[in-house]
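Visitor: One structure coming up, written as structure tokens, with questions to follow.
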Amino acid sequence: MGVMIKFIVFQERDDKMDFRKIQLPREIHTGAGVITETGAICKDLKVEGKALIVTGPRTIKIAGEKAIESLQSEGYDVECVTIDKASKNSVLEVQDALDDVSIVLGVGGGKVIDTAKLASTRAEMHFISVPTAASHDGIASPRASIKNEGGSVSLKAKPPIGVIADTKIISQAPFRLLAAGCGDIISNHTSILDWKLAHRLLNEYFSDSAAALSLMTSEMTIKSADAIKEGLTESAGLVVKALISSGIAISIAGTSRPASGSEHKFSHALDIVAPKPALHGEQCGVGTIMMMYLHGGDWKFIRDTLKTIKAPTTAKELGIEPEYIIEALTKAHTIRKERYTILGDRGLTRESAEALATTTGVI
């Protein structure tokens, strides 16, 4: 039996007394087997006309076919596009398939969801997120991570109008993906510290409500670390709800600040310098250990929590050579220069980067 949560779109005044619209998912459905209700959910959302399923070469068998069957059983005409990476060309491929389409459903992992989300945003079309793994907070966030020549870039997008998260399917994905999702959630701790720092030093806009939701999400995940086990639908449910909450915090803030700080800069720098980067959430988790040390916080507690979840805490466990960790640390401050963090404007010297990674046991 699935769980359904409804949200609305509302407006608030920011510090400058300008109205700002906050868009959130209208409905969130989670539970084992809920993907078979895809067609009925679209009916509830008053979706009419043709549906486009965006999926991957593996996820079409795992979940795509179930979503198509459910939609067709409710009388929807369905088309399908299969992509293998989140790139500019993939986004264009999806956009080219949007003629006479009323709704886009991204059925797959992060690459599929980000591609479908960005293509639907550019076409000013509604989007439903149907994740097959819980590896990062793109499930419900108003951001899309797309690969380009220099690594990956995070672009503004509209959040999904609905999320259909089948916890049975998600629990059967490789556990490494779920652990990576936990790393992405736990990294909210240093994201908020960086945001507060920028607020104090530069008077950057700060949302108390978004920050509180982000931190609560991270703290709940940390408290549940012992319960996050491989193959359990309950564990998948815990993580997917946390990732959705994290995405909603981004929507409330109107910026990715609640879930992206110095640890994300480190991860993006690692994507550029490492020959074979690890998963985004894995890298953010390791980055959080080091950035928490720079903030003077309890980095050992973060490290131990990640260990409990069986997420990587060292360069070796990431499968990345120490030299690339050091290089990424020295270059991290150059990623999104407008976003001030504990790394400052000048960043770390090679010597301080090496000392940081050594002290925290990352290398």
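Visitor: Condition check: touching a residue at least 40 places away in the same chain (Cβ under 8 Å) and farther than 20 Å from Lys158 by Cβ. Does Ala119 satisfy that?
Guide: Taking the combined requirement at face value, the residue does not satisfy it.
Visitor: Here's another thing I want to ask about it. Any idea how many residues of segment 259-308 are more than 21 Å from Lys229 (Cα to Cα) and not hydrophobic (A, V, I, L, M, F, W, C)?
Guide: The total comes to 20.
Visitor: Restricting the search to segment 19-72, which residues are touching a helix residue (DSSP H, G or I) at 6+ places or on another chain (Cβ under 7 Å), hydrophobic (A, V, I, L, M, F, W, C) and not in a helix (DSSP H, G or I)?
Guide: If the condition is that a residue be touching a helix residue (DSSP H, G or I) at 6+ places or on another chain (Cβ under 7 Å), hydrophobic (A, V, I, L, M, F, W, C) and not in a helix (DSSP H, G or I), then Ile22, Leu24, Ile28, Ala32, Ala51, Ile53, Val54 are the ones that fit.
Visitor: Can you spot a residue in segment 239-248 that is of a type outside the set (Ser, Thr, Tyr) and more than 15 Å from the chain's Cα centre (by Cα)?
Guide: No: zero hits.
Visitor: Output the residue which, of all residues in segment 207-260 that are touching a Gly at 6+ places or on another chain (Cβ under 9 Å) and small (Gly, Ala, Ser), is nearest to Lys168 (Cα to Cα).
Guide: Out of the qualifying residues, it is Gly237.
Visitor: Consider Gly108 carefully, then state whether it is under 28 Å from Glu230 (Cβ atoms), crowded, with 24+ Cβ neighbours inside 10 Å and within 24 Å of the chain's Cα centre (by Cα).
Guide: Taking the combined requirement at face value, the residue satisfies it.
Visitor: Can you confirm whether Lys168 is at pLDDT 95 or above and over 25 Å from Tyr293 (Cβ atoms)?
Guide: Against the criterion (at pLDDT 95 or above and over 25 Å from Tyr293 (Cβ atoms)), Lys168 qualifies.
Visitor: Moving to a separate point now. Can you tell me which residue in segment 307-345 is surrounded by the most Cβ atoms within 10 Å (Cβ to Cβ), limited to those that are aliphatic (A, V, I, L, M) and not in a helix (DSSP H, G or I)?
Guide: Out of the qualifying residues, it is Ala311.
Visitor: How about segment 138-173: which of its residues are of a type outside the set (A, V, I, L, M) and under 15 Å from the mean Cα position of the chain (by Cα)?
Guide: Across segment 138-173, the qualifying residues are Gly138, Ser141, Pro142, Arg143, Ser145, Lys147, Ser152, Ser154, Lys156, Lys158, Pro159, Pro160.
Visitor: Answer yes or no: is there a residue in segment 22-29 that is of a type outside the set (Val, Ile, Thr) and at pLDDT 95 or above.
Guide: Within segment 22-29, one or more residues are of a type outside the set (Val, Ile, Thr) and at pLDDT 95 or above.
Visitor: Among the residues of segment 161-220, which ones are within 13 Å of Pro258 (Cα to Cα), of a type in the set (Val, Ile, Thr) and in contact (Cβ under 8 Å) with a residue 60 or more places away in the chain?
Guide: Ile185, Ile186, Thr190, Ile192 - these are the residues of segment 161-220 that are within 13 Å of Pro258 (Cα to Cα), of a type in the set (Val, Ile, Thr) and in contact (Cβ under 8 Å) with a residue 60 or more places away in the chain.
Visitor: Counting only residues that are surrounded by fewer than 12 Cβ atoms within 10 Å (Cβ to Cβ) and in contact (Cβ under 8 Å) with a residue 12 or more places away in the chain, which one in segment 346-363 is nearest to the chain's Cα centre (by Cα)?
Guide: Arg346
Visitor: Next question, about the same structure. Can you find a residue that is closer than 21 Å to Thr358 by Cβ, of a type in the set (Ser, Thr, Tyr) and surrounded by 22 or more Cβ atoms within 10 Å (Cβ to Cβ) anywhere in segment 250-260?
Guide: No, there is no match, as no residue in segment 250-260 is closer than 21 Å to Thr358 by Cβ, of a type in the set (Ser, Thr, Tyr) and surrounded by 22 or more Cβ atoms within 10 Å (Cβ to Cβ).
Visitor: Cβ-Cβ below 8 Å, separation at least six or inter-chain, first residue in segment 278-306 and assigned by TED's automatic domain parsing to the domain that holds Thr190 and assigned to a loop (DSSP other than H, G, I, E, B), second surrounded by fewer than 24 Cβ atoms within 10 Å (Cβ to Cβ) and among the basic types (Lys, Arg): which pairs?
Guide: Taking only residues 6 or more apart or on different chains, the pairs are Leu279/Arg176.
Visitor: Is one or more of the residues making up segment 277-291 under 14 Å from Ser191 (Cα atoms) and surrounded by fewer than 20 Cβ atoms within 10 Å (Cβ to Cβ)?
Guide: no
The values are calculated or read from the model by the stated rules, or taken from the named source; none is laboratory data. Since this is a predicted model, take the numbers as computed values, not measurements. Quick reminder, even Gly has a Cβ in these numbers, built from the backbone with ideal geometry, and neighbours come from all protein chains shown.
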